[in-house]
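Colleague: Below you'll find the structure I mean.
Since every read-out is calculated from the coordinates, none of them should be taken as a lab result. Please read all numbers here as calculations on a predicted model, not as lab measurements. Neighbour counts run over all protein chains shown; Cβ positions are idealised from the backbone, glycine included.
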Number of protein chains: 2
Amino acid sequence: MPLSSLIHSFKKYLPLNQEEIEELERRSKIRKIKRRQFILSEGEVCKHYTFVIEGCFKMYKVDETGKEHNIMFSVEEDWIADIGSFHDEVPSQLHVEAVEASTIVQIAKPDLLFFYTNYPKFDRNFRVILENQFIELQNRLLQTISTTAEERYNSFVSDFPHLQHRLSNTQIASYIGITPEFLSRIRSQQLRK
Amino acid sequence: MPLSSLIHSFKKYLPLNQEEIEELERRSKIRKIKRRQFILSEGEVCKHYTFVIEGCFKMYKVDETGKEHNIMFSVEEDWIADIGSFHDEVPSQLHVEAVEASTIVQIAKPDLLFFYTNYPKFDRNFRVILENQFIELQNRLLQTISTTAEERYNSFVSDFPHLQHRLSNTQIASYIGITPEFLSRIRSQQLRK
DNA sequence: GCCTTACCTTAAACTAGTTTAAGATTCTTT
DNA sequence: AAAGAATCTTAAACTAGTTTAAGGTAAGGC
């Protein structure tokens, strides 16, 4: 039963009943995604909410100089969407790309609106999911404006011990907002201590 | 009718019916807040969702060196909460302080949970409110890791033209993540162009 | 297996932004 | 009105982090 991890994940919030589960099965789509495959590209409107069953994604913006700025990594049981593009139906500035071969469940916007309208439980569940994402993002911002690069790297390593092994150092550097060279320097200085 | 701006603001989402309005009147509290008065201090648990009827607030963290890092300003029709502290009932790391004399409506956590449970419309409305806040926060983070201080200042001025006159330059500097001295430098350089 | 691409490391030169310092101005409190 | 506090400005000295450069290693593709 491929949706089981998605259904199971809702148990943390308001669990789904049989009818809701069946509707979810009808209105969602499972996809296999190759490494480096995009599920959203800059300039496209984000049309789906995506749940990660297996695998890892990075969400990033490319600036005018071509530099990649990673703002989020998503792994098993995470939800992915460019919320601004999804709701306002405007072209996204962001890319979402698979860091490794992955399996996802996608709910298209009309279907998600159907759930919100007909099953208020989904409003609740997605509000809570969003709150958790908001808390993380807010902590991230706080760190970015108030801590040194080394502190941010240490936080990353202790907050996401398993994620570290799935990402390149270049991606991690981009996430904490520094260059790969500087991350190398920090890491070698720490080895010398 | 002091709750009118709050009730009116819900018209952007799902408007409230008479019963919901009455329940809101029963379960919310209007407060007058003096300039520099705190509605949340570090170490306290955030127990309310706060709606600004009139006035302006800053939400900030004080780091170990005593430096203030502003992460959000809130004005009329904005909602304020330290969401992490509110939901997990853990002491907040943040302060929320009035930048000017203000009037607010507060909903205590048990009352908000009552609304969520009995009026699913509130789940919807607060999910949408949170989405808007999330979008703003995400854009803020993106900017912080990918643009220069001057670009961030220019964005602030064009995004929040009216806010600029209600805040000191020191607060704005703290919000965009630079020192007041550097902001002064940027501003005088711009005057020379 | 070979070639290409991506990643990682190291270091010197550089710079966007900070710290230190201090004077001037504005605002608040008594 | 005077005193104190907060804010703003300016500038020199400083530094956390970047850019430029290049070599080595690992991974991916054909």
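Colleague: Tell me the GluC sites (Glu not before Pro) within the stretch B:14-66 that lie in a loop according to DSSP and have at most 13 other beta-carbon atoms within 10 Å.
Modeller: Passing both the DSSP loop test and the Cβ count: B:E64.
Colleague: How many angstrom lie between the Cα centre of the stretch B:99-128 and the Cα centre of the stretch A:1-58?
Modeller: Rounded to whole Å, the Cα centres lie 29 Å apart.
Colleague: Now for a separate question. Output ³J(HN,Hα) for the stretch A:25-35: one whole-Hz value per residue in order, computed from phi by the Karplus curve 6.51 cos²θ - 1.76 cosθ + 1.60 with θ = phi - 60°, and x for Gly and Pro.
Modeller: Each residue's phi maps through the Karplus curve to give 5, 5, 10, 10, 10, 8, 9, 9, 10, 7, 4 Hz.
Colleague: Under the Karplus relation 6.51 cos²θ - 1.76 cosθ + 1.60, θ = phi - 60°, what is the ordered set of whole-Hz ³J(HN,Hα) values for the stretch A:117-122, x standing for Gly and Pro?
Modeller: For the stretch A:117-122, the Karplus curve yields 6, 9, 9, x, 3, 5 Hz.
Colleague: Give, as a single signed number, the net charge of other residues whose beta carbon lies under 9 Å from the beta carbon of B:F114, with Lys and Arg counted +1 and Asp and Glu -1. Write out the running numbers ahead of the final one.
Modeller: On the way: positive: B:R27; negative: B:E23, B:D111.
Value of the local net charge: -1.
Colleague: Would you tally the net charge around A:E19, using a Cβ to Cβ cut-off of less than 12 Å, leaving A:E19 out, and scoring K and R as +1, D and E as -1? Mind showing how you got there, number by number?
Modeller: Working: positive: A:R26, A:K121; negative: A:E20, A:E22, A:E23, A:E25.
Its environment carries a net charge of -2.
Colleague: Output, in nm with one decimal and in ascending order, the distances from the B:E64 label point to the matching label points of the other copies (7 Å from Cα along Cα-to-Cβ).
Modeller: 3.8
Colleague: Along the Cα→Cβ direction, 7 angstrom out, place labels at A:V90 and B:S155. What is the inter-label distance in nm?
Modeller: Result for the modelled spin labels: 1.3 nm.
Colleague: Only sites in a loop by DSSP and with at most 13 other Cβ atoms within 10 Å count here; which trypsin sites (Lys or Arg not before Pro) in the stretch B:42-93 make the cut? Write out the running numbers ahead of the final one.
Modeller: Values: sites: B:K47, B:K58, B:K61, B:K67; in loops: B:K47, B:K67.
Filter output for the stretch B:42-93: B:K67.
Colleague: Using a Förster distance of 25 Å, how high is the FRET efficiency between B:T147 and A:N169, based on the Cβ-Cβ distance and rounded to 0.05? The partial results should precede the final answer.
Modeller: Details: r = 24 Å, r/R0 = 0.94.
The pair B:T147/A:N169 has a calculated efficiency of 0.60.
Colleague: Still on this structure, please answer the following. Between A:N169, A:N118, A:N70, which gets the highest mean-square fluctuation from a Gaussian network model of chain A, Cα cutoff 10 Å?
Modeller: Between A:N169, A:N118, A:N70, it is A:N118 that shows the largest mean-square fluctuation.
Colleague: From the phi angles alone, apply the Karplus equation (6.51, -1.76, 1.60; θ = phi - 60°) to the stretch A:148-165 and give each ³J(HN,Hα) in whole Hz, x where the residue is Gly or Pro.
Modeller: In residue order, the calculated couplings are 6, 4, 5, 4, 5, 5, 4, 4, 4, 5, 7, 6, 10, x, 7, 5, 3, 7 Hz.
Colleague: Normalise the Debye intensity by I(0) for the stretch B:4-120, one equal point scatterer per Cα, no solvent, then take log10 at q = 0.12, 0.18, 0.20 Å⁻¹ and round to two decimals.
Modeller: Treating every Cα as an identical point scatterer, log10 I(q)/I(0) equals -0.45, -0.95, -1.13.
Colleague: Using only the Cα atoms of the stretch B:66-108, build the gyration tensor, take square roots of its eigenvalues as a ≥ b ≥ c, and label the shape rounded, prolate or oblate: rounded if a/c is under 1.5, else prolate if a/b is larger than b/c, else oblate. Show your work: numbers first, answer last.
Modeller: Working: a/c = 2.13, a/b = 1.12, b/c = 1.90.
It comes out oblate by the Cα gyration axes.
Colleague: Calculated from DSSP H runs of 4 or more alone, at -39500 (n - 2.57) each and per residue, what is the 222 nm mean residue ellipticity of chain A, nearest 500? Let's see the in-between values first.
Modeller: Working: 8 runs with 90 residues, N = 193.
Estimated from H runs of four or more residues: -14000 deg cm²/dmol.
Colleague: In addition: Could you list the residues of the stretch A:141-168 with an amide nitrogen less than 18 Å from a label point located 7 Å from the Cα of A:R35 in the Cα-to-C-beta direction?
Modeller: A:163-168
Colleague: Rule-of-thumb check for the protein assembly as shown: C-alpha Rg over 2.2 N^0.38 Å? Don't skip to the end; give the middle numbers.
Modeller: Numbers: Rg = 21.8 Å, N = 386, 2.2 N^0.38 = 21.2 Å.
Against the compact-globule rule of thumb, the ratio is 1.03.
Colleague: Which links in B:K34/B:K67; A:K12/B:K12; B:K32/B:K61; B:K32/B:K121; A:K109/B:K12 stretch past 26 Å when you go from one Cα to the other?
Modeller: Too far apart for the 26 Å limit: A:K12/B:K12; B:K32/B:K121.
Colleague: May I ask you to report, in nm to one decimal and beginning with the shortest, the distances from B:H165 to the same position in the other copies, taking label points 7 Å along Cα-to-Cβ?
Modeller: Copy-to-copy label distances for B:H165: 5.9 nm.
Colleague: OK, next. Taking amide hydrogens as modeled 1.01 Å from N in the peptide plane, which residues meet the under 5 Å criterion relative to A:I71, leaving out close sequence neighbours?
Modeller: A:M59, A:Y60, A:K61
Colleague: Let me ask you something else. Using a label point 7 Å beyond Cα on the Cα-Cβ vector, give me the inter-copy distances for B:S184 in nanometres, one decimal, shortest first.
Modeller: 4.0
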